[in-house]
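Here the structure is laid out as structure tokens; the discussion comes afterwards.
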Amino acid sequence: MTQYFLKRLLQAIPTLLLVSFAVFGLIRLIPGDPAQLLLGDAADASSLALLHAQMGLDKSLFIQYLNWMGDILRGDFGISLTNGVAIFPEILERFQVSAAIVLCAVALAVLISVPAGLLAAWKHNSTLDILVITGATLLLSIPSFWLGILLMLFFGLHLGWLPIVGYVALSESLSIGMLYLILPILTLAWVETGVFTRMARASAIEVLRLEYVAHARAKGCKESRVLLRHVLPNAFAPTLTLVGLVLGNLLGGIAVLETVFTLPGLGRFLVDAIFARDYPVIQGCLLFIAFIYILVNLLVDLCYPLLDPRVTIQ
């Protein structure tokens, strides 16, 4: 197990370095001068040169990259060009909002979709299977922003049960803060339930056709024991992979949902920085999102030996 962990950890380090190099290079390819953006069009050449020196833009790209990575390793993501605040604390604050929504939504989707997919596979080609796969397909077909608007209209405006505008931090009031997060969580969970259900069903159908399942049934094992003890652990591995991919993607990519519900999340923070051409914020957000994506998938890889002990010997 230790060797497996170290192997996956060593594989993640060069991936992070390549991602940092790609993010740094892509930001430098964007047209425009950050110093010119700060000083305005009326700035003279001497002021631009002075600001270039202060920002380190007068050095070679390689030296700029080394200086930037050195600051990143010290936890310094730079200063925002828009409001002059430190970027890293702002990213962490926005990430807490996105993480609360995504983690709850994905957990809820998994709790619904895995049993639904398992039952659909058990009753393959039956009425239950058709209903489950039809429901999953419908959920996949609904855009998240449109579903969010419908939920806001029904639960917020029509029934008046839940707030639809604004945000209260969970640290300020847990109960009130959760009220503001219920609709975003439900919206995201409903959409992702369709994805996970289809994967869980397909994986379970493949496992149900294997010989050891037929052997367990031939020994007289109850059908519930066959499904829970033999089918579920082996069928859950592909679904776990998909959960890791979706989780890493959503943690930095729910800007549309955050905009619909006016939530100060990380995705909306990145979009606002793109519109404002705030290059340090864009650079820091992209690197942080890539780090979270790699970290989540690393944790998923480390969970594989719990489902399949054969993984540790690879």
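Every number in this text was worked out from the coordinates using simple rules, so none of it is lab data. Being a predicted model, the structure only gives us computed values, none of them experimental. Glycine gets a Cβ as well: all are built from the backbone with ideal geometry, and neighbour counts include every protein chain shown.
Compare LEU29, LEU139, LEU147 in a GNM of the chain, Cα atoms joined below 10 Å, and give the one with the largest fluctuation.
Taking springs between Cα atoms under 10 Å, the residue moving most is LEU29.
Treating cross-link reach as a plain straight distance, find the lysines whose alpha-carbon is under 22 Å from the alpha-carbon of LYS222, omitting any fewer than eight places away in the same chain.
Within the straight-line limit of under 22 Å, LYS222 reaches these lysines: LYS123.
According to a simple spin-label model (label point 7 Å from Cα along Cα-to-Cβ), what is the distance in nm between LEU138 and ALA107?
2.8 nm
Taking 7 Å along the Cα-to-C-beta vector as the label spot, tell me the LYS123-PHE21 distance in nanometres, rounded to one decimal.
5.4 nm
Measuring from label point to label point, each 7 Å out along Cα→Cβ, what is the SER224 to TYR212 span in nm?
Placing both labels 7 Å beyond Cα along the Cβ direction yields 2.3 nm.
Could you tell me whether segment 65-218 comes out rounded, prolate or oblate from its Cα gyration tensor? Rule is a ≥ b ≥ c as square roots of the eigenvalues, rounded for a/c under 1.5, then prolate if a/b exceeds b/c, otherwise oblate.
It is oblate, given that a/c is not under 1.5 and a/b is not larger than b/c.
How much net charge surrounds VAL97 when only other residues with a Cβ under 10 Å from its Cβ are counted (Lys, Arg +1; Asp, Glu -1)?
Overall, the nearby charge balance is 0.
Please give the net charge around ASP129, taking every other residue with its beta carbon less than 9 angstrom from that of ASP129, where Lys and Arg add +1 and Asp and Glu add -1.
So the environment of ASP129 carries a net charge of +2.
Within a 10 angstrom radius of the beta carbon, how do LYS219, LYS7 rank from fewest other beta carbons to most?
In increasing order of surrounding Cβ atoms, one gets LYS219, LYS7.
Between SER173 and PHE88, what length comes free when the chain is fully extended (0.36 nm per residue of separation minus the Cα-Cα distance, one decimal in nm)?
Separation in residues times 0.36 nm, less the Cα-Cα distance, equals 28.2 nm.
What is the order of SER141, SER173, SER20, fewest Cβ neighbours within 10 Å to most?
With the fewest neighbours first, SER141, SER173, SER20 line up as SER141, SER173, SER20.
Which residue, ALA136, ALA237, ALA53, has the most motion in a Gaussian network model of the chain that connects Cα atoms within less than 10 Å?
ALA53
For the chain, what is the mean residue ellipticity at 222 nm derived from helices alone (per DSSP H run of n ≥ 4: -39500 (n - 2.57); sum divided by total residues; nearest 500 deg cm²/dmol)?
-24000 deg cm²/dmol
Most exposed first by the Cβ proxy, i.e. fewest other Cβ within 10 Å, how do TRP68, TRP122, TRP161 rank?
So the ranking, lowest neighbour count to highest, is TRP161, TRP122, TRP68.
Quick one: if the Förster radius is 30 Å, what FRET efficiency do TRP161 and LEU295 give, using the C-beta to C-beta distance and rounding to 0.05?
So, using R0 = 30 Å, E works out to roughly 0.25.
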